[in-house]
Amino acid sequence: MLRIALPNKGRLSEDVRGLFSDAGLEVRIVGDRALSASLGGEFEAIFVRAQDIPEFVADGAADAGVTGWDLVCESGRQLEQLLDLEFGRCRLVVAAREESGIASVEQIDGSPRVATPFPSLSRSYFDRIGRKVEVVPVSGAAEIAPHLGIADIVVDLTSTGSTFRVNGLREVATILESTARLVTARAQSRHADEKTHALTELVMALASVIRARDKRYLMANVPKARLEQVRDVLPGLKGPTVVDILDGGSYVAVHAVVAASSVYRTIAALKALGCEGILVTRIERLMP
Ligand code: AMP
């Protein structure tokens, strides 16, 4: 059995479940409060707080875990990153009160008090840039601290910046960029061979889903005379697949993998080249 620690609630939990289920590892849970569940096959999930996952993995209580890179770095535990899951994207930033006029860390006077749920990362950041600070650890809502007079600046996570803006704070520096990651204890040799094998399979399964998410499969009937121009519009993975159509006359069918973000443009370009019967579908998994 390969035990994987997953966030039990919070921002990452739904996306993690979605990804695992798309990869064929459906969480079979009995009620909302179950602390562990089978993921099918040799995989078992345990549900714990995102903050605790680095410890669980480092201590060997779980063979692997999914949590925010910010939390892995804050924990100070040496974990190996197996895969970037590309969601839970956020930045750990330094922010000051808007009316302070401060626009960069250099402009912060003296030895400021820093309210943060990330005391370790904050200390090492200010050490690195040679600034003396007094860290005030808080477990949440750090944004309010400067307004209450318990801190001069804040170090906290942001994704859109809107919470800072609403609270009258301005970002002045980025300490770390983070996304959700699949991590394991550094000493791979600690895993028996079968576990290493299962972990490799897990990484491949998740990676194939992530890779497919921003791609689409496109099919179109293309005038043979325009094939060369269509090739420029549809590079595909290794160039488009060209298939004969029964009684297709002057048309052939072309299949290609295209970027989801530019599919509208691709369709317009194909129409302009006289293509017909254009069909776009999602891809479940993609292994190059
Ligand atoms: P939570 O479950 O809300 O405690 O957040 C767990 C993790 O979600 C954080 O440690 C980050 O890795 C990630 N996250 C993504 N976006 C944000 C955001 N805007 N604010 C806070 N955490 C975020």
Open item on the list: Please go through (1) modelled with pLDDT under 90; (2) surrounded by 15 or more Cβ atoms within 10 Å (Cβ to Cβ); (3) within 23 Å of Ala62 (Cβ to Cβ) for Arg190 and return the number of the only condition it doesn't satisfy.
Closed with: (2)
Task: Odd one out for Ser208 among (1) of a type in the set (S, T, N, Q); (2) in the same structural domain as Gly24 (by TED's automatic domain parsing); (3) within 30 Å of Pro117 (Cβ to Cβ) - done: (3)
TODO: Determine which member of the set Glu86, Glu26 is over 26 Å from Thr163 (Cα atoms), under 20 Å from the mean Cα position of the chain (by Cα) and among the charged types (D, E, K, R).
DONE: Glu26
Task: Single unsatisfied condition, Val243 versus (1) modelled with pLDDT under 95; (2) not in a strand (DSSP E or B) - done: (2)
TODO: Could you tell me whether Arg77 is touching a residue at least 60 places away in the same chain (Cβ under 8 Å), open to solvent by 50 Å² or more (accessible area, probe 1.4 Å), within 16 Å of the ligand (Cβ to nearest atom) and under 30 Å from Val16 (Cα atoms)?
DONE: no
Open item on the list: It is to be established whether one or more residues within region 150-161 are more than 29 Å from the chain's Cα centre (by Cα) and open to solvent by 50 Å² or more (accessible area, probe 1.4 Å).
Closed with: yes
TODO: Kindly indicate the residue of region 1-60 that is touching a Ser or Thr at 6+ places or on another chain (Cβ under 6 Å) and either part of a loop (DSSP other than H, G, I, E, B) or open to solvent by less than 20 Å² (accessible area, probe 1.4 Å) (or both) and also nearest to the ligand (Cβ to nearest atom) among those meeting that condition.
DONE: Ala50
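Per-residue answers, yes or no, for (1) crowded, with 16+ Cβ neighbours inside 10 Å; (2) modelled with pLDDT of 95 or more:
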position: Val166; (1), (2): no, no
position: Val183; (1), (2): yes, yes
position: Lys195; (1), (2): yes, no
position: Thr200; (1), (2): no, no
position: Leu206; (1), (2): yes, yes
position: Ala212; (1), (2): yes, yes
position: Asn221; (1), (2): yes, yes
Task: Filter result for Val93 (more than 10 Å from the ligand (Cβ to nearest atom) and β-branched (Val, Ile, Thr)) - done: yes
- [ ] Return the residue satisfying two criteria in turn: it lies in region 257-273 and is closer than 10 Å to Lys215 by Cα and open to solvent by less than 20 Å² (accessible area, probe 1.4 Å), and of such residues it is modelled with the lowest pLDDT.
- [x] Val258
Task: Residue match in region 103-124 (condition: in contact with a Phe, Trp or Tyr (Cβ under 8 Å, 6 or more places away or on another chain) and closer than 28 Å to Ala5 by Cα) - done: no
Open item on the list: Given the criteria more than 15 Å from the ligand (Cβ to nearest atom), in the same structural domain as Thr200 (by TED's automatic domain parsing) and touching a helix residue (DSSP H, G or I) at 6+ places or on another chain (Cβ under 6 Å), does Leu82 qualify?
Closed with: yes
TODO: Any residue in region 156-174 that's at positive phi and assigned by TED's automatic domain parsing to the domain that holds Arg123: show its pairings with residues that are open to solvent by 50 Å² or more (accessible area, probe 1.4 Å) and more than 7 Å from the ligand (Cβ to nearest atom) at Cβ separation under 8 Å, as long as the two are six or more apart or on different chains.
DONE: Gly161/Glu171; Gly168/Arg97; Gly168/Glu98; Gly168/Glu99; Gly168/His147
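The values are calculated or read from the model by the stated rules, or taken from the named source; none is laboratory data. From a predicted model like this one, the values you see are computed outputs, not experimental measurements. All Cβ positions, glycine included, derive from the backbone under ideal geometry; neighbour counts span all protein chains shown. Just the protein is used for accessible areas: all its heavy atoms, side chains included, with ligands, DNA and RNA removed. Shrake-Rupley method; radii C 1.70, N 1.55, O 1.52, S 1.80 Å.
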